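J.: I have a structure I would like to understand better, so I am pasting it below and will then ask my questions one at a time.
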Amino acid sequence: MIKTESLRKSFSGKTVLDGIDVEISDGEIFGVMGLSGSGKSTFIKCLVRLVNPDGGRIIVDGRDILKVEGGVEMARFRRKFGYLFQEGALFDSLNVLENVCFGLRYLTDISPGEYARVAREKLELVGLKGVENMRISELSGGMKKRVALARAIAAEPKYMLYDEPTTGLDPSLTKKICRLIKEMQDRLGITSIIVTHKVEVAFSLSDRIAILMNGKFKVLGTPEEIRNSTSPIVKEFTDRSECF
Amino acid sequence: MKTNPFEKIGETFIYASNRAGQLAFMIKSTVIWFFKAPVEYGEIVKQSVRLGVNSVGVVMLTGLFTGMVLALQTGYTSISLFNEPLYIGTVVGFSIVKELGPVLTAMVVAGRAGAAVTAEIGTMKVTEQIDALYTLGTNPSRYLLIPRYFAFFITLPILTIIADFLGVLGGFAVAMIKLRIPSTVYWDNIFIYMDISNFMHGFLKTFFFAFIIATVSCYKGLKTEGGAEGVGKATTESVVGSMLLVLVFDYFISAFFIVIGLI
């Protein structure tokens, strides 16, 4: 379970997170919606301390991660998480297979001889075959997203954080990625937090959705509750969203 | 609006202290990861080969032509003052081995390999690949910095030896062909007056230079912000910073070596 209490973060005097309180249960898909620049990515970066919060608490499986000291200890703690970056963040200097194997080396106790087999399995899971030896620069946008997804799930994390998983993809690829996330959720049963500004993505995937505005979760509920909400905040957000 | 000069001085001081602190943290993290996690030998070999291959051609040309021009200038100055070319081998040998070999090699490596390291790490920073390293259970210090520090520590001394050798050889070629000095005279000038401590004086400096270039290029890469423009800016700052620090520290390291008798 992930729980945040009064989570705060500011950049150069501008408050991005202003006391976030939320509890995300095991196995849940939690969607975070918000306009661009509202602090959605900062929220999930705080959860793995890629960004250090200014205050508050982040409890993961009963442990406050802000109290984890030292890079080595934090690296161990991050083993629980998989992270899909907005642009994939694949390593250009490595090929597809090496990218997917990368985390296995540091995050698991699998023997090195098994890396390639496990990586191929994960690539197949995201619908990619025969691309193992391709360079990252040779991949299309959708393929990059899927390789990044395979890399993120390779070590079978307990928690999966998705940062705009469908940004920059056409509608057909968006559907494909959403289906993949859903399938993986069903097969692996991991807890997911999906950050997106696309309403249809959040609604189709999430068990619960929060709308982040002015540093706070202004609205929190199931997709059904949000759809039926008469809140002006929901209306403002959905009206401004191009895809609703 | 008028700015208080004391405010400016204070701001500059805070900025410099902040940078120094970040630099110290980077070095501390690198040392901690070096002792706490297995060393990435594969990456060290890969980086050493890249750094060496990147710079070896330019280093060879720099060493060769520096030695040649040094012999030429010394020869003709000597002829105009004493009517004959004197101690050409000695001047070329001392100059190349103690100063020009290590310093010019460091300049070339800062310009070629240092810039490449900053550009690579900087690009990784702006495309979130550095963040990805954290989420994949490692750390930039372990995966990027330690192998690059080792690569600079391994390649810079080797490249300096190559530059020294070619510099002395280039001087020999000019002394023989242009100044008509017998080869035995040139080599005697070197071996009679020079000993191993002269070589060590220059050779040991290369480890300090390697540390400076590795630190500046990695730090600038990790602090890159602002996309492609930021990468370009960081790369330029890295090269200029490394070169300046090499020149400044060259004086102090030389002075220190002289004090301890490594002349």
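All of the numbers you see were taken from the coordinates with simple rules; none came from a lab. This one's a predicted model, so the numbers in the text were calculated from it and none came from an experiment. No Cβ is skipped: glycine too gets one built from the backbone with ideal geometry, and neighbour counts run over all protein chains shown.
J.: Measure up A:Lys3/A:Lys235; B:Lys46/B:Lys125; A:Lys80/B:Lys220 against 25 Å on the Cα-Cα distance and list the ones that go over.
T.: Values: A:Lys3/A:Lys235 27 Å; B:Lys46/B:Lys125 20 Å; A:Lys80/B:Lys220 31 Å.
Listed pairs above 25 Å: A:Lys3/A:Lys235; A:Lys80/B:Lys220.
J.: Select from the range A:51-154 those GluC sites (Glu not before Pro) which occupy a DSSP coil region and have at most 13 other Cβ atoms within 10 Å, ordered by residue number. Could the numbers behind the result be given before it?
T.: Numbers: sites: A:Glu69, A:Glu73, A:Glu87, A:Glu98, A:Glu114, A:Glu121, A:Glu124, A:Glu132, A:Glu138; in loops: A:Glu69, A:Glu87, A:Glu132.
Here the GluC sites (Glu not before Pro) that fit, given the DSSP loop and packing criteria, are A:Glu69.
J.: HN-Hα J couplings of the range A:109-123 from phi, Karplus 6.51/-1.76/1.60, θ = phi - 60°, integer Hz, Gly and Pro as x?
T.: 9, 4, 6, x, x, 8, 3, 4, 5, 5, 4, 4, 4, 5, 5
J.: Taking amide H positions as placed in the peptide plane 1.01 Å from N, state which residues far from A:Met160 in sequence (5 or more) or on other chains have amide H under 5 Å from it.
T.: Answer set, sorted by chain and number: A:Gly82, A:Thr191, A:Ser192, A:Ile193.
J.: While we're on this one: With a cut-off of at most 15 other beta carbons within 10 Å, and DSSP calling the residue loop, which trypsin sites (Lys or Arg not before Pro) in the range B:171-261 qualify? Please list them.
T.: Numbers: sites: B:Lys178, B:Arg180, B:Lys205, B:Lys220, B:Lys223, B:Lys233; in loops: B:Lys178, B:Arg180, B:Lys223.
Passing both the DSSP loop test and the Cβ count: B:Lys178, B:Arg180.
J.: Under a 5 Å amide H to amide H cut-off, with H placed in plane at 1.01 Å, what residues pair with A:Val16 once short-range neighbours are removed?
T.: Under 5 Å from the amide H of A:Val16 lie the amide H atoms of A:Lys9, A:Ser10, A:Phe11, each far enough along the sequence or on another chain.
J.: Tabulate in residue order the Karplus-calculated ³J(HN,Hα) for the range B:243-250, using 6.51 cos²θ - 1.76 cosθ + 1.60 with θ = phi - 60°, rounded to whole Hz; enter x for Gly and Pro.
T.: Using θ = phi - 60°, the values come out as 4, 4, 5, 4, 5, 5, 5, 4 Hz.
J.: Under 5 Å between amide H atoms, partner at least 5 residues away or on a different chain: which partners does A:Met213 have, H built in plane at 1.01 Å?
T.: Excluding prolines and chain starts, which carry no amide H, the hits are A:Lys218.
J.: Moving on. Return the calculated 222 nm mean residue ellipticity for the protein assembly as shown, to the nearest 500 deg cm²/dmol, obtained by summing -39500 (n - 2.57) across DSSP H runs with n ≥ 4 and dividing by the residue count. Intermediate results must be reported in sequence, preceding the final value.
T.: Working: 19 runs with 302 residues, N = 507.
Taken over the protein assembly as shown, the calculation gives -19500 deg cm²/dmol.
J.: Could you give each residue of the range B:33-47 its phi-based ³J(HN,Hα) in whole Hz, using Karplus coefficients 6.51, -1.76, 1.60 with θ = phi - 60°, and x for Gly or Pro?
T.: My calculation for the range B:33-47 gives 5, 4, 8, 9, 10, x, 6, 7, 4, x, 5, 4, 4, 4, 5 Hz in order.
J.: Using Cα pairs closer than 8 Å and at least 6 residues apart in sequence, work out the relative contact order for chain B, in percent.
T.: Numbers: 345 pairs, mean separation 79.1, N = 263.
Taking the mean separation of contacting Cα pairs over the length of chain B, I get 30 percent.
J.: Hey, another quick one. Please label the shape of the range B:174-263 as rounded, prolate or oblate, based on the square roots a ≥ b ≥ c of the eigenvalues of the alpha-carbon gyration tensor (a/c under 1.5 means rounded; beyond that, a/b larger than b/c means prolate, else oblate).
T.: Numbers: a/c = 4.47, a/b = 2.03, b/c = 2.20.
It comes out oblate by the Cα gyration axes.
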